[in-house]
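A short write-up of the structure that comes next.
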């Protein structure tokens, strides 16, 4: 399938899913009432009187209310991690799934009346879409991901948080999409922003079969090596991957980073819908 055909297919599919299937007029990734307030503004007719700040009201001699995150226009940031390892998949490339997830998030932002921006990141930011509400920017986002040549690229996981922290001045909800085979520390970033990690994997990566002697090419550095993929090597590989993932999940939980895993044979909309539909 050509990039142009794939792009059109993803855009049409995700737009239909978001604007036709998500229930409610204002889906929100936040739930409940326990949000930190962002600012104070003067009371307007029809505002919830329960949100009046009586201390400020008394001092200013006019009513002021607290404005919470869910009441403000949100700033949605979509970060696609595009290393050589995403050029893999039994039925669909992980790169294609990342593009579809990005489109779903962007269309959801627009439906909710929020701004979205987008970054393609490897060892630095390679592509950027500045904050927008333009629906045509979704096609640009998808095209930018699909057309990006990932072979030979590797992720600098150590600098990502620092780059985003310095670049994003306004409090944002940051969706980081990738296969997360590297360790990421979102400690600093999560203090200022809401961070959501979306892990895209192929089941073959986590449960490889016995291939015997094979000549493999590392898609991140393009080096080749002859390997014997037997029962023992698979066991060692799966143990290392499990330990690495457990360390990653522990770090996410410690720093209040929400995360979910989406396999290439799953429907991203189904996995993501829980982030947008209130229970």
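The values are calculated or read from the model by the stated rules, or taken from the named source; none is laboratory data. Source: prediction; values computed, not measured. Cβ placement follows ideal geometry from the backbone for every residue including glycine, while neighbour counts extend to all protein chains displayed.
Can you tell me how many residues in the stretch 111-133 are assigned to a loop (DSSP other than H, G, I, E, B) and surrounded by 13 or more Cβ atoms within 10 Å (Cβ to Cβ)?
Residues that pass the stated criteria total 4.
Determine if the stretch 31-53 includes at least one residue that is closer than 17 Å to residue 170 by Cβ, touching a helix residue (DSSP H, G or I) at 6+ places or on another chain (Cβ under 9 Å) and at pLDDT 75 or above.
No, every residue in the stretch 31-53 fails to be closer than 17 Å to residue 170 by Cβ, touching a helix residue (DSSP H, G or I) at 6+ places or on another chain (Cβ under 9 Å) and at pLDDT 75 or above.
Assuming residue 104 fulfils every condition listed in (1) in contact with a strand residue (DSSP E or B) (Cβ under 8 Å, 6 or more places away or on another chain); (2) in contact (Cβ under 8 Å) with a residue 40 or more places away in the chain; (3) farther than 30 Å from residue 216 by Cα apart from one, which condition is it?
If we test residue 104 against (1) in contact with a strand residue (DSSP E or B) (Cβ under 8 Å, 6 or more places away or on another chain); (2) in contact (Cβ under 8 Å) with a residue 40 or more places away in the chain; (3) farther than 30 Å from residue 216 by Cα, just (1) comes out false.
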